[in-house]
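Q: Below: one structure in structure tokens.
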Amino acid sequence: MKMKKLIAAVLMTACVCSMAACGSKDSGDGEKESGGEGKDTLVMATNAEFPPYEFHEGDDIVGIDAEMAAAVAEELGMEFKIEDMAFDSIIPAVQSGKADIGVAGMTVTEDRLKNVNFSDTYATATQVVIVKEDSDIAGPDALTGKKVGVQLGTTGDIYASDIKDAEVEQYNKGFEAVQALTQGKIDAVVIDGEPAKEFVKEAEGLKILDEAFTEEEYAIAISKDNEELLEKVNGALKTLKDSGKLDEIVAKYIKADAE
Ligand code: GLN
């Protein structure tokens, strides 16, 4: 397990480096000059392990964020490219200019706002608790002293670390945390609601507790040095919201619950 994690981390680092080489680059004066012929390229940093927002489908990265960001690029008359990386590499990639936008079901938090700007929000989300179907954990309050799995560097990770006496196990992918739960290695997983539904659908014998942990909002991360892009992205988002295009993308990936 430890070794696997290490290998994953090394591979991830290698990936990020090779991507940096082919991503858009800064020119000497710090002004952004993106690749592509003629058109500038809007480079999106993400962690494609977060269905239905971003995930792999064959060789492609698809999902709500991927389609929404592609539509934003189209609105702005730009080419579009996705760079897949570890979740906690996304903000550094945006800060350094390796990517123009970070789109990863990323929750707006005070801490992150110290490092990047966020666009207008495009979705509300919750952190939920996944447990085994026969678990005696009935709500978030019952997580005291339990072994709780999270995805490294996410808001779930932050909230779990506040649970009294809980032992927090951090995984590189949310899916790995869910797997550990299935295997009985941990007692619960704290993770975003929509990916939780996807993971629970794929797994055996798990359920999501009715009571959500928190409510939060997703937005697009943009460098503090690029106010111009922030304004442009907000303009494009507004167009996509007003035209119904954003709803259309969401509806393609999130089927309304038959309740
Ligand atoms: N919404 C969570 C966060 O921003 C998780 C995002 C993710 O795992 N892609 O921390």
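Q: Please identify the pairs in which a residue from segment 98-126 that is farther than 18 Å from Asn234 by Cα has its Cβ atom under 6 Å from the Cβ atom of a residue that is near the ligand (Cβ under 10 Å from one of its atoms) and acidic (Asp, Glu), counting only partners at least 6 apart or on another chain.
A: Close Cβ pairs satisfying both conditions: Ala125/Asp192; Ala125/Glu216.
Q: Kindly list the number of the only condition in (1) more than 13 Å from the ligand (Cβ to nearest atom); (2) under 25 Å from Val94 (Cβ atoms) that fails for Ala166.
A: Against the list (1) more than 13 Å from the ligand (Cβ to nearest atom); (2) under 25 Å from Val94 (Cβ atoms), Ala166 comes up short only on (2).
Q: State all residues of segment 164-201 that are under 19 Å from Ile64 (Cα atoms) and free of Cβ contacts under 8 Å to residues at least 24 places away in the same chain; if no residue qualifies, say none.
A: Lys197, Lys201
Q: So, in segment 199-216, how many residues would count as being assigned to a helix (DSSP H, G or I) and in contact with a helix residue (DSSP H, G or I) (Cβ under 6 Å, 6 or more places away or on another chain)? Full working, then the answer.
A: Restricting attention to segment 199-216, the residues satisfying the condition of being assigned to a helix (DSSP H, G or I) are 199-202.
From what's left, in contact with a helix residue (DSSP H, G or I) (Cβ under 6 Å, 6 or more places away or on another chain): 199.
Count: 1.
Q: Could you check Ser161 against (1) surrounded by fewer than 14 Cβ atoms within 10 Å (Cβ to Cβ); (2) among the hydroxyl-bearing types (Ser, Thr, Tyr); (3) touching a residue at least 40 places away in the same chain (Cβ under 8 Å) and say which number it fails?
A: Condition (3) is where Ser161 drops out.
Q: A further question follows. Suppose we keep only residues that are in contact (Cβ under 8 Å) with a residue 12 or more places away in the chain and over 17 Å from the mean Cα position of the chain (by Cα) within segment 53-75. Which one would you say is nearest to Thr41 (Cα to Cα)?
A: Filtering first and then ranking leaves Ala73.
Q: Here is a follow-up. Report whether or not Leu240 is in contact (Cβ under 8 Å) with a residue 60 or more places away in the chain, away from the ligand (no atom under 16 Å from the Cβ) and touching a helix residue (DSSP H, G or I) at 6+ places or on another chain (Cβ under 6 Å). Break it down stepwise before answering.
A: Working: in contact (Cβ under 8 Å) with a residue 60 or more places away in the chain: yes; away from the ligand (no atom under 16 Å from the Cβ): yes; touching a helix residue (DSSP H, G or I) at 6+ places or on another chain (Cβ under 6 Å): yes.
It is true that Leu240 is in contact (Cβ under 8 Å) with a residue 60 or more places away in the chain, away from the ligand (no atom under 16 Å from the Cβ) and touching a helix residue (DSSP H, G or I) at 6+ places or on another chain (Cβ under 6 Å).
Q: Counting only residues that are away from the ligand (no atom under 12 Å from the Cβ) and modelled with pLDDT of 95 or more, give me the strands (runs of 3 or more DSSP E) lying completely in segment 45-112 with at least 3 of them. Please lay out each step first, then the result.
A: Details: elements: 54-57, 60-62, 79-84.
The strands (runs of 3 or more DSSP E) meeting that bar are 60-62, 79-84.
Q: Follow-up. So, in segment 127-140, of the ones that are more than 10 Å from the ligand (Cβ to nearest atom) and part of a strand (DSSP E or B), which residue ends up surrounded by the fewest Cβ atoms within 10 Å (Cβ to Cβ)? Steps first, please.
A: To start, the set of residues in segment 127-140 that are more than 10 Å from the ligand (Cβ to nearest atom) comprises 128-140.
Cutting the leftovers down to part of a strand (DSSP E or B) gives us 128-132.
Values: Val128: 24, Val129: 28, Ile130: 26, Val131: 22, Lys132: 17.
So the residue we want is Lys132.
Q: In segment 171-217, which residue that is among the basic types (Lys, Arg) and within 16 Å of the ligand (Cβ to nearest atom) is modelled with the highest pLDDT? Give the steps one after another, and end with the answer.
A: Within segment 171-217, the subset among the basic types (Lys, Arg) is 173, 185, 197, 201, 207.
Restricting the remaining residues to those that are within 16 Å of the ligand (Cβ to nearest atom) gives 173, 197.
Working: Lys173: 94, Lys197: 97.
Step by step, filter segment 171-217, then rank; the result is Lys197.
The values are calculated or read from the model by the stated rules, or taken from the named source; none is laboratory data. Quick caveat: nothing in here was measured; it's all calculated off a predicted structure. Positions of Cβ are generated from backbone atoms using ideal geometry, with glycine treated the same way; all protein chains shown enter the neighbour counts.
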